[in-house]
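The structure appears below as structure tokens.
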Amino acid sequence: MSATETTESYGDSTASATRITPGNALRPEDIQLQQGAPGEAVAQYALRLGDDALVLAQRLSNWISRGPEIEEDIALGNIALDQLGHARSFLSYAGLAWGKSEDDLAYWREEEDFRSLHLFEQPNGDFGVTIMRQLMISIYQHLLYTELLDSSDETISAICAKAVKEVDYHRDHAIMWTRRLGIGTEESARRMRHALEVLWPYVGELFEDEDLYDELGDAGVRPSSLRERWDTEFAAVLESADLEVPTGPFALCRGRHGEHSEHLGHLLAEMQVLARKHPGASW
Amino acid sequence: MAAQNDPNGPLSTVPTPEEEAAQEHFDAVIAEDSRIEPRDWMPEGYRKTLTRQISQHAHSEIIGMQPEANWITRAPSLKRKSILMAKVQDEAGHGLYLYSAAETLGTPRDVLTEQLISGKAKYSSIFNYPARSWADMGAIGWLVDGAAIVNQVPLCRASYGPYGRAMVRVCKEESFHQRQGFEILMELAAGTEAQKQMAQDAINRFYGPSLMMFGPPDGDSPNSQQTMKWKIKRFTNDDLRQRFVGMIAEQVKVLGLTLPDPELRFDEETGKWIHKDLDWAEFKAVIAGAGPCNAQRLQRRRDAHHEGAWVREAAAAYAEKMQQEAEVA
């Protein structure tokens with residue numbers, strides 16, 4: 001094995017921007033070592049995607065040791081781990097613009113500095129609510145990351161190349177469970193209708209554009225452009241599960257502006273408590 | 001041999017010629033260090049002992065997820081969070097292989113689960129201690145997983161095939177777990193004064209219980225002899241404990257921390273490590289249910305099981321409906 005091959009296959013301390021190409025597995029550690037920092041708009045965009053994934057990972061990780069079957073502890077844990085991986089990549093990349101690490105961004109920002117959407121921070125509820133939240137989000141992330149493969153920003157595109165394969169699996173998992181629970185028993189169907197009802201208000205925010213997209217150009221994807229495809233796919237899954245798409249109104253949410261539900265503060269308090277007790281410590 | 005899979009069947013004290021032949025075959029397999037496989041005849045005692053040992057091991061993996069899951073949401077860095085999550089997932093995976101290995105002996109997983117949540121089955125008593133600080137993630141990895149490895153490596157050669165093979169995979173992952181635990185402690189030991197104290201405190205709390213993971217002293221362990229004869233177990237409790245304490249006595253120096261055992265020394269004459277007396281009264285009390293977290297650990301498992309009942313019922317009903325549709329079509 002030549003020296004070049006050795007460094008290629010480990011990539012720890014030798015990562016460079018040239019390794020960052022779509023399809024090449026990209027780790028947060030690689031991104032931290034990257035030379036080129038993103039511009040402000042791309043950094044803001046990466047921060048949004050990273051916050052969504054981080055908040056969802058934090059929520060899902062709470063299922064570990066509490067699932068209805070050990071197999072689901074593993075499956076939900078896996079999904080949480082994937083989301084955490086995406087979050088670490090996006091946040092590491094965003095942080096390059098401001099000289100901050102993924103941990104600076106995760107542990108040392110205040111609630112109003114988080115840019116996550118309300119749907120991602122909704123409590124786990126019962127398994128039905130978690131699955132419905134997963135269905136809504138994984139269809140959304142799958143559409144979004146697929147589009148972002150063509151992002152003019154190479155790092156965003158490379159992160160999504162890895163992430164899209166994983167969220168494709170998350171989507172499969174959510175679809176299969178939505179069908180099992182929608183069709184399974186009267187109780188499970190009732191719980192799924194309840195899950196739809198409690199989560200539906202937060203779907204609208206997924207597709208809201210903001211001024212940032214004018215600056216992003218081809219680096220990002222306008223959320224509104226995903227709406228039609230999401231509606232079609234979501235409706236098809238619900239139909240196959242004997243469930244109906246709700247018709248209720250969407251809530252006014254401004255997560256992208258740092259205005260969150262009452263839930264995020266608690267989630268962050270728990271996530272950040274230990275790190276904040278020991279400023280400057282390394283772990 | 002008709003009664004072989006029927007624990008409630010009539011137990012004849014006089015073996016039939018077929019039974020005698022089967023026993024001879026079994027004894028020969030054990031003697032030549034080969035493996036017993038699920039379809040082979042085996043004495044009822046062997047089957048029962050293995051079912052109990054493997055299912056206890058599986059339960060320990062599943063209950064053992066809880067003290068670590070307690071820190072996933074508060075892990076102090078995203079990298080540590082990610083490693084811890086992967087580790088706890090591995091434990092769920094170990095639980096699954098082990099339940100599968102136990103099932104090959106004829107007891108289905110739902111029966112084993114019921115034994116756990118009813119409090120009838122035992123699991124490793126160390127998980128009945130709380131994980132109070134982040135450093136406990138290090139101490140559990142280094143000491144608890146470390147003790148588990150010392151216990152489990154010889155089990156890779158256990159005479160029952162499915163158990164031995166499950167152990168090979170489990171041990172590989174456990175050794176990664178132990179390293180990550182040690183790494184957490186290394187980082188803390190090199191950190192701030194508060195971090196160092198946190199690490200020392202965790203070691204102080206887990207040292208005694210981890211030494212007791214090997215079970216009572218040999219003189220007080222009546223079942224060991226038979227399981228060694230069957231080549232399920234290869235070394236005595238005290239032998240394994242010796243091996244472990246010698247290992248950590250060296251490793252703790254690398255951390256620059258101490259074991260809470262001023263009497264600990266290697267006795268050149270006997271070639272043995274001398275450690276402090278362990279609190280076997282506490283050990284027995286914790287096994288009997290009086291540990292700080294016994295009630296909490298079992299209740300969490302019960303809650304997860306009961307709250308998930310509607311999900312499992314729905315999955316079963318769905319599978320049945322799909323089957324019916326497939327038959328109609």
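The values are calculated or read from the model by the stated rules, or taken from the named source; none is laboratory data. Please read all numbers here as calculations on a predicted model, not as lab measurements. Ideal geometry is used to build each Cβ from the backbone, glycine not excepted, and the neighbour counts take in all protein chains shown. Side chains are part of the model used for accessible areas, which takes the heavy atoms of the whole protein and leaves out ligands, DNA and RNA. Shrake-Rupley method; radii C 1.70, N 1.55, O 1.52, S 1.80 Å.
This table checks each residue for (1) modelled with pLDDT under 95; (2) within 30 Å of A:S152 (Cβ to Cβ); (3) under 21 Å from the mean Cα position of the chain (by Cα); (4) not in a loop (DSSP other than H, G, I, E, B).
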| position | (1), (2), (3), (4) |
| --- | --- |
| A:S188 | no, no, no, yes |
| A:L196 | no, no, yes, yes |
| A:L206 | no, yes, yes, yes |
| A:D209 | no, yes, yes, no |
| A:D218 | no, yes, yes, yes |
| A:V221 | no, yes, yes, no |
| A:R227 | no, yes, yes, yes |
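Apart from one condition, A:G280 fits all of (1) on the phi > 0 side of the Ramachandran plot; (2) more than 14 Å from every other protein chain (Cβ to nearest Cβ); the exception is (2). When B:E268, B:E320, B:E327 are screened for being within 24 Å of A:G128 (Cβ to Cβ), over 25 Å from the mean Cα position of the chain (by Cα) and either acidic (D, E) or within 14 Å of chain A (Cβ to nearest Cβ) (or both), only B:E320 passes.
I'm trying to understand the selection: among the residues of segment B:93-120, which are among the polar types (S, T, N, Q) and part of a helix (DSSP H, G or I)? Outline the logic, then answer.
To start, the set of residues in segment B:93-120 that are among the polar types (S, T, N, Q) comprises B:100, B:104, B:107, B:113, B:115, B:118.
Passing the criteria: B:S100, B:T113, B:Q115.
For segment B:50-86, enumerate the residues that are farther than 20 Å from B:I287 by Cβ, hydroxyl-bearing (S, T, Y) and in a helix (DSSP H, G or I). Across segment B:50-86, the qualifying residue is only B:S82.
Within segment A:82-180, which helices (runs of 4 or more DSSP H) (wholly inside it) include 3 or more residues that are more than 14 Å from chain B (Cβ to nearest Cβ)?
Per the criteria, A:118-121, A:127-148.
Using the structure shown, decide if A:V198 is surrounded by 13 or more Cβ atoms within 10 Å (Cβ to Cβ) and more than 14 Å from chain B (Cβ to nearest Cβ). When the stated conditions are applied, A:V198 passes them.
Condition check: assigned to a helix (DSSP H, G or I) and over 22 Å from A:S65 (Cβ atoms). Does B:A319 satisfy that?
Working: assigned to a helix (DSSP H, G or I): yes; over 22 Å from A:S65 (Cβ atoms): yes.
Taking the combined requirement at face value, the residue satisfies it.
Restricting the first member to segment B:209-236 and to residues that are over 27 Å from B:P130 (Cβ atoms), and the second to residues that are among the aromatic types (F, W, Y), the beta-carbon pairs closer than 6 Å and six or more apart or on different chains are B:W230/B:Y46.
Of the residues screened, B:M186 is not one that is open to solvent by less than 20 Å² (accessible area, probe 1.4 Å), in a helix (DSSP H, G or I) and not acidic (D, E).
Out of A:I31, A:I74, one residue alone is among the β-branched types (V, I, T) and either closer than 16 Å to A:A174 by Cβ or within 10 Å of chain B (Cβ to nearest Cβ) (or both). It is A:I74.
The condition of being among the polar types (S, T, N, Q), in a loop (DSSP other than H, G, I, E, B) and under 30 Å from B:E187 (Cα atoms) holds for A:S282. Test each condition in (1) polar (S, T, N, Q); (2) within 14 Å of another protein chain (Cβ to nearest Cβ); (3) farther than 17 Å from B:M186 by Cα; (4) outside any helix (DSSP H, G or I) for B:Q89 and report the one that comes out false. Status for B:Q89: all satisfied but (4).
Can you give me the number of residues within segment A:57-80 that are assigned to a helix (DSSP H, G or I) and in contact with a Leu (Cβ under 9 Å, 6 or more places away or on another chain)? Outline the logic, then answer.
Narrowing segment A:57-80 to residues assigned to a helix (DSSP H, G or I): A:57-61, A:70-80.
Narrowing the set further to residues that are in contact with a Leu (Cβ under 9 Å, 6 or more places away or on another chain) leaves A:57-61, A:70-71, A:74, A:76-77, A:79-80.
Within segment A:57-80, residues that are assigned to a helix (DSSP H, G or I) and in contact with a Leu (Cβ under 9 Å, 6 or more places away or on another chain) number 12.
I'm trying to understand the selection: among the residues of segment B:119-174, which are crowded, with 17+ Cβ neighbours inside 10 Å, of a type in the set (G, A, S) and more than 14 Å from the chain's Cα centre (by Cα)? Passing the criteria: B:A131, B:S133, B:A135, B:G138, B:A139, B:A158, B:S159. Exactly one residue among A:D218, A:D242 is touching a residue at least 60 places away in the same chain (Cβ under 8 Å), acidic (D, E) and over 30 Å from A:L148 (Cα atoms), and that residue is A:D242.
Could you tell me whether B:G308 is surrounded by 12 or more Cβ atoms within 10 Å (Cβ to Cβ), within 14 Å of another protein chain (Cβ to nearest Cβ) and among the small types (G, A, S)?
yes
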